[in-house]
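Here the structure is laid out as structure tokens; the discussion comes afterwards.
The values are calculated or read from the model by the stated rules, or taken from the named source; none is laboratory data. Being a predicted model, the structure only gives us computed values, none of them experimental. When we count neighbours, we look across all protein chains shown, and the Cβ atoms used for this are built from the backbone with ideal geometry, even at glycine. Calculation scope for accessible area: heavy atoms of the full protein, side chains included, ligands and nucleic acids excluded. Shrake-Rupley method; radii C 1.70, N 1.55, O 1.52, S 1.80 Å.
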Amino acid sequence: MDYFSALQIFHSVCETNSFTSTAKQLGVAVSSVTRQIDNLEQALGIALLNRSTRKLSLTAAGIRYQQQTKPILDDFQQVNQQLKDEVLEPQGKLRMTFPNTFGVCKLSPLLADFARRYPKIELELVSSDDFIDLFSQPIDLAIRLGQVNDERLIAKKIAPQQRLLVASPDYLAQQGTPEKPQDLTALNCLPFTYRGLAAKWYFKQGDKTVNIWAKGNLSGNNAEMLLQACLDGQGITHLPDWLVAPHLQAGRLVQIFSDWQITPTDTNESDAIYLVYTPNNRQMMKINVLSTFLQEKLG
């Protein structure tokens, strides 16, 4: 039986003391009200109402059942109302994680605009270059740069991304400009490394692919520090276009191998920025509006 419907009808009868009034209140037939109460009593194996031709009253069991089920019904109604409210206006907390540099450079300038557009969404930001498992941590969604290899996750592309190989004019003047990817093995590379793994750089030009081990006297998992080392003339690095573009335009950096594509892996998949979350996420309404907003601003 449908306990939720029966519970609604039972509590309405408790308030109105009338099957007829309850039927009018809920917009159903009196026979439907009677049948739901009968089914509820049969399922419980006990009478909840004293019935007479003149009036209805609760039995002792009925009083106890009303008192103990009222909070349950209230919770159901509150959750239903919250879901309806979110359809009309998304609201509530949304926890998002993202890489540190991306947060500072790209997300931070957008937060005020998002808050104005969705004032009832409470964004909780978790900035970290460490991998955060969305299945084991209380995080609703994450921004991932590059490829998303976890098939358990839903990944929405919110913006394109291109990796650019760059160096300072001073470094190239002193060490010479490489002509092909293999020349990098003789130069000081500044690779972004993750979890202590050695860095491998992947280059693609038409059907031709070249992979090299990037070695140098500085590596790490902080893109801003690698960028600064590159600006200071310490070596060559590859970083996302959104991070190095201002320095290329100002002449502080020079792009190398503009006719080669740098890929995050040895596959032919294109680079991008993704919003990822677990399937059947209860925050879907808020995730959708955030995804649409970021695609609009970054895409």
Which residue pairs have Cβ atoms under 9 Å apart, sit 6 or more places apart or on different chains, and have a first residue in region 104-121 that is within 14 Å of residue 94 (Cβ to Cβ) and a second that is assigned to a helix (DSSP H, G or I) and open to solvent by 50 Å² or more (accessible area, probe 1.4 Å)?
-> 114/297; 120/85; 121/115
If residue 130 satisfies every condition in (1) within 16 Å of residue 272 (Cβ to Cβ); (2) open to solvent by 50 Å² or more (accessible area, probe 1.4 Å) but one, which is the exception?
-> (1)
Quick count over region 144-188, residues being over 19 Å from the mean Cα position of the chain (by Cα), open to solvent by 70 Å² or more (accessible area, probe 1.4 Å), touching a residue at least 12 places away in the same chain (Cβ under 8 Å) and farther than 15 Å from residue 264 by Cα, is 7
Do you know which residues across region 201-226 are outside any loop (DSSP other than H, G, I, E, B) and in contact with a helix residue (DSSP H, G or I) (Cβ under 6 Å, 6 or more places away or on another chain)?
-> 203, 210, 212, 223, 224
More than 36 Å from the chain's Cα centre (by Cα), modelled with pLDDT of 90 or more and open to solvent by less than 80 Å² (accessible area, probe 1.4 Å): does that describe residue 100?
-> no
Does any residue of region 5-12 turn out to be touching a residue at least 60 places away in the same chain (Cβ under 8 Å), of a type in the set (Phe, Trp, Tyr) and either touching a Leu at 6+ places or on another chain (Cβ under 8 Å) or assigned to a helix (DSSP H, G or I) (or both)?
-> no
So, of the residues in region 58-97 that are outside any helix (DSSP H, G or I) and modelled with pLDDT of 90 or more, which turns out to be surrounded by the fewest Cβ atoms within 10 Å (Cβ to Cβ)?
-> 93
From 198, 159, which residue is at pLDDT below 90, in contact with a strand residue (DSSP E or B) (Cβ under 9 Å, 6 or more places away or on another chain) and either of a type outside the set (Asp, Glu) or not in a strand (DSSP E or B) (or both)?
-> 198
For region 1-46, what are the residues that are of a type in the set (A, V, I, L, M) and more than 20 Å from residue 60 (Cβ to Cβ)?
-> 1, 9, 23, 26, 28, 29, 30, 33
Can you tell me which residue among 141, 73 is touching a residue at least 40 places away in the same chain (Cβ under 8 Å) and within 20 Å of the chain's Cα centre (by Cα)?
-> 141
Expected output for region 273-293 (first residue over 19 Å from residue 79 (Cβ atoms) and part of a loop (DSSP other than H, G, I, E, B), partner of a type outside the set (Val, Ile, Thr) and open to solvent by 10 Å² or more (accessible area, probe 1.4 Å), Cβ below 6 Å, 6+ apart or cross-chain) is 278/134
The condition from (1) free of Cβ contacts under 8 Å to residues at least 12 places away in the same chain; (2) in a loop (DSSP other than H, G, I, E, B) that residue 252 misses is numbered (1)
Has region 276-296 got any residue that is modelled with pLDDT under 95 and within 17 Å of residue 164 (Cα to Cα)?
-> no
Please tell me if residue 132 is touching a strand residue (DSSP E or B) at 6+ places or on another chain (Cβ under 6 Å) and not in a loop (DSSP other than H, G, I, E, B).
-> no
From the list 220, 235, 216, pick out the single residue that is farther than 21 Å from residue 180 by Cβ and either touching a residue at least 12 places away in the same chain (Cβ under 8 Å) or open to solvent by 70 Å² or more (accessible area, probe 1.4 Å) (or both).
-> 220
Quick one: count up the residues across region 261-270 that are assigned to a loop (DSSP other than H, G, I, E, B) and either among the polar types (S, T, N, Q) or at pLDDT 80 or above (or both).
-> 4
